[in-house]
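The values are calculated or read from the model by the stated rules, or taken from the named source; none is laboratory data. Note that the structure is a prediction, hence the values are computed from the model and not measured. Don't worry about glycine lacking a Cβ; one is built from the backbone with ideal geometry, like all the others, and counts go over all protein chains shown.
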Amino acid sequence: MLQDIISRQDEIVQKGDNPIFKDWMLSNPYYLRANHSVKQAAFILNETDADWAPVVNDDMNPIGIITAKLLLESILYEKKDELIKNCMNNEGFAAVNHEDSVLDIHKFSFNYFFVVDDHYKLIGTVIRNDLLNKLSDFIQEIDQLEHTASILAEVMNSAYEGVAVVDKEGIIVQFNESYSRFIGIDKEDALGCYVQEVIENTNLHNTVKTGLPERGAIQYIQGQPMIVHRIPLWKKDKVVGAIGMIVFEGVSELYQILDKINSDKLKIGKNDDLLSTGSSKDSALLTTLDQIIGVSDRTVEVKRIARKAAKTDVTILITGESGTGKGLYARGIHQLSSFSSGPFINVDCGAIPENLIESELFGYEEGAFTGAKKGGKQGKFELAQNGTLFLDEIGEMSLTMQTKLLRLLEDKEFERVGGTQKYKVQTRIIAATNRNLWKMVEERKFREDLFYRLNVVEIQIPSLRERMADVPSLVSNFLESMCHKYHIPLKEFSSEAMSVFVHYPWRGNVRELINVIERLVVLTDNDTITLKHLPEYMQDIVESKNGILKQRQAYSDNNERELIQSLLNESNGNKTETARKLGIHRTTLYQRMTKLGL
Ligand SMILES: Nc1ncnc2c1ncn2[C@@H]1O[C@H](COP(=O)(O)OP(=O)(O)OP(=O)(O)O)[C@@H](O)[C@H]1O
């Protein structure tokens, strides 16, 4: 084992995997003081079940070691009142600095290692056998990683697409055979070079600066247009590199694929008229979960749960702050479910006046009340038959209406207002709220039995603050779609502006982010959006000396009050307009205004 460590020490250190004592020690160890008596020491070892302990002086510096054997000898020779400092072993241990490499263990023949800080104070201990066991696991792990890395290198090399990976400085660290063949530069010559020196018209060096992914960009290499992806690689909240991929060698290859799709479509069109009816009617509005943008672990997990829930027909409750995408998830789930061939009907429970909601949901018969339409009217439940009914802002529903909804969910049937005919409910129900429904149950503002009925599966969408890794892909996507919408050439973000975006608190979540991007696209003349173009309240996020971005001032209630007030003034007190500009829902605006005393 030791031989193995000695022979591989340089190789392990080179990989940057240099374990230090601080990581592997037992911190806050039991210790004895030099002026403890043998009897006291025996008592302490017995109490702590230890068979040895380090001995320290008044400054916590290790000065010796006491073992159970030494104590036993002292007791046998009637020295139980002797001081420890007179019978300890002051040589049988090695004092090592907490930052020292454990790979240096072979330099010492001791069994006990006392770990000291920079002031030579004892902060931990570790024994040789434990160290050797951990080292053995560590070496096995490295071998495993090496094995995985060599498989990955193999996969990359056999990939048809050209793949290049750069580190955070834009230096090529991986480069596959396809790329090498295509640009005629040997892999060995490319590795270690700045990517701009090797790959013509590349933008990967900017991808690592801005953290903005680009999918399907066109890059000219040797006069030929290529379709490429450029994806930043994030670790924690820093870009550590980027991967570039040639997806199609030359646009002609893409045209061949497009031709194939078109001819396949034609064939289907001829053979299958069914496709042109029913479900395809709203194809432009179809939302699938794949269209929900986000690469963070949280988003991947939420999408996984949503996919799973979509496959069953249980009632789903989607919770999350305003603007997190609850509506989008509801549509995505509908598309994936067995109800997808039916309609998706959206009801904003907060927007319908209390006296109308019953007839809106259940419909009414002719003559049910004054002003009722001739022939009656279908309610949302009827309209949503065989499809999905999305009850948005369910927390805004009155207690009376909650009782009626509960009865419907329990009986699985309903009647129109003023009618007697029973209608069966064959609808998937998805409810959503940005309120804490459980708290409302406790405050008796929401029926507990209805809460359980709706909450068979809960999908909690985290706020954008809790999944900042999603920000760059959202920015890239909406930047492109806004530029497209306003018919202007594609703009880009400077790295400073992007950093502010990934550190800004986004109280209005994705909706706020989309609104800010739209305003920036419309109001910025330059091709690059930099720090100075961002709204002033966002510029409050500045870089501190140690390079960590922080808010100059907390996004205080005062700032928010001022912001809301000025937007209200701008829109002549129109709250719907103000909420839209803030990227928050109207009900959230009311809640914020009450809290801020506006
Ligand atoms: N992950 C995402 N990818 C793409 N677009 C998103 C994403 N999340 C939200 N959006 C967009 O953000 C906007 C707000 O989303 P949505 O209306 O679904 O939010 P919500 O949580 O239902 O808000 P509210 O509670 O205010 O009704 C929509 O334009 C939606 O398309």
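Considering the conditions (1) closer than 19 Å to E577 by Cβ; (2) touching a residue at least 12 places away in the same chain (Cβ under 8 Å); (3) surrounded by fewer than 19 Cβ atoms within 10 Å (Cβ to Cβ), Y486 is excluded by exactly one of them, (1).
Looking only at the stretch 401-430, filter to residues that are hydroxyl-bearing (S, T, Y) and in contact (Cβ under 8 Å) with a residue 40 or more places away in the chain; which one of those is farthest from G320 (Cα to Cα)?
Going residue by residue through the stretch 401-430, those that are hydroxyl-bearing (S, T, Y) are 403, 420, 423, 427.
Those still in the list that are in contact (Cβ under 8 Å) with a residue 40 or more places away in the chain too: 403, 423, 427.
Numbers: T403: 24, Y423: 32, T427: 23 Å.
Once the filter is applied, the top-ranked residue is Y423.
I'd like the residue in the stretch 102-111 that is assigned to a helix (DSSP H, G or I) and surrounded by fewer than 20 Cβ atoms within 10 Å (Cβ to Cβ) and, out of all such residues, is modelled with the highest pLDDT. Steps first, please.
Kept after step one, since they are assigned to a helix (DSSP H, G or I), are these residues of the stretch 102-111: 102-107.
Subset that is surrounded by fewer than 20 Cβ atoms within 10 Å (Cβ to Cβ): 104, 106-107.
Numbers: D104: 78, H106: 71, K107: 74.
Ranking the qualifying residues of the stretch 102-111, first place goes to D104.
The set of residues in the stretch 71-101 that are out of contact with any helix residue (DSSP H, G or I) (no Cβ under 6 Å at 6 or more places or on another chain), of a type outside the set (D, E) and not in a loop (DSSP other than H, G, I, E, B) comprises L72, I75, L76, L83, K85, N86, N89, F93, A94, A95, N97, S101. Looking only at the stretch 447-457, count every residue that is touching a Ser or Thr at 6+ places or on another chain (Cβ under 7 Å) and surrounded by fewer than 15 Cβ atoms within 10 Å (Cβ to Cβ) and tell me the total. Residues that pass the stated criteria total 1.
Here T427 does not qualify as buried (at least 21 other Cβ atoms within 10 Å of the Cβ), among the β-branched types (V, I, T), assigned by TED's automatic domain parsing to the domain that holds S341 and within 16 Å of the ligand (Cβ to nearest atom). Restricting attention to the stretch 483-505, which residues are of a type outside the set (D, E, K, R) and farther than 16 Å from L534 by Cα? Passing the criteria: C483, H484, Y486, H487, I488, P489, L490. For the stretch 65-100, a tally of residues being among the hydroxyl-bearing types (S, T, Y) and either closer than 12 Å to W52 by Cβ or crowded, with 16+ Cβ neighbours inside 10 Å (or both) returns 2. Within the stretch 432-452, the set of residues being basic (K, R) and within 13 Å of the ligand (Cβ to nearest atom) comprises just one member, R435.
Answer yes if at least one residue in the stretch 561-570 is at pLDDT below 75, more than 16 Å from the ligand (Cβ to nearest atom) and under 28 Å from P472 (Cβ atoms), and no otherwise. Checked the stretch 561-570: at least one residue is at pLDDT below 75, more than 16 Å from the ligand (Cβ to nearest atom) and under 28 Å from P472 (Cβ atoms). Under the condition of being in contact (Cβ under 8 Å) with a residue 40 or more places away in the chain, of a type in the set (S, T, N, Q) and part of a helix (DSSP H, G or I), the residues counted in the stretch 112-147 number 1. Close Cβ contacts (under 9 Å, 6 or more residues apart or on different chains) running from residues in the stretch 431-447 that are farther than 19 Å from R592 by Cβ and modelled with pLDDT of 95 or more to residues that are of a type in the set (D, E) and in a strand (DSSP E or B) comprise A431/D392; A432/D392.
Results for (1) away from the ligand (no atom under 15 Å from the Cβ); (2) under 17 Å from the mean Cα position of the chain (by Cα), shown as yes or no for each residue.
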site	(1), (2)
L454	yes, no
E458	no, no
S473	no, yes
Y486	yes, no
V510	no, yes
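In the stretch 525-546, which residue that is among the hydrophobic types (A, V, I, L, M, F, W, C) and not in a loop (DSSP other than H, G, I, E, B) is modelled with the highest pLDDT? The selected residue is I529.
When the helices (runs of 4 or more DSSP H) confined to the stretch 305-413 are screened for residues that are within 27 Å of Q591 (Cβ to Cβ), of a type outside the set (S, T, Y) and more than 16 Å from the ligand (Cβ to nearest atom), those reaching at least 3 such residues are found at 354-362, 399-411.
Among the residues of the stretch 332-343, is any farther than 20 Å from S398 by Cβ, surrounded by 13 or more Cβ atoms within 10 Å (Cβ to Cβ) and of a type in the set (V, I, T)?
First pass over the stretch 332-343, keeping only residues farther than 20 Å from S398 by Cβ: 332-343.
Okay, now just the ones that are also surrounded by 13 or more Cβ atoms within 10 Å (Cβ to Cβ), so 332-337, 339-340, 342-343.
Filter once more, keeping what is of a type in the set (V, I, T): 333.
Within the stretch 332-343 (the criterion being farther than 20 Å from S398 by Cβ, surrounded by 13 or more Cβ atoms within 10 Å (Cβ to Cβ) and of a type in the set (V, I, T)), the answer is yes, since at least one residue qualifies.
Put simply, of A384, A309 the only residue that is at pLDDT 90 or above and in contact with a helix residue (DSSP H, G or I) (Cβ under 9 Å, 6 or more places away or on another chain) is A309.
For beta carbons closer than 7 Å, sequence separation of 6+ or different chains, a first residue in the stretch 95-111 that is free of Cβ contacts under 8 Å to residues at least 40 places away in the same chain and a second that is aromatic (F, W, Y) and part of a strand (DSSP E or B), the qualifying pairs are A95/F114; F110/F93.
With respect to F493, is the statement that it is within 16 Å of the ligand (Cβ to nearest atom), surrounded by 19 or more Cβ atoms within 10 Å (Cβ to Cβ) and of a type in the set (F, W, Y) true? Considered against the rule, which asks whether it is within 16 Å of the ligand (Cβ to nearest atom), surrounded by 19 or more Cβ atoms within 10 Å (Cβ to Cβ) and of a type in the set (F, W, Y), F493 comes out as no.
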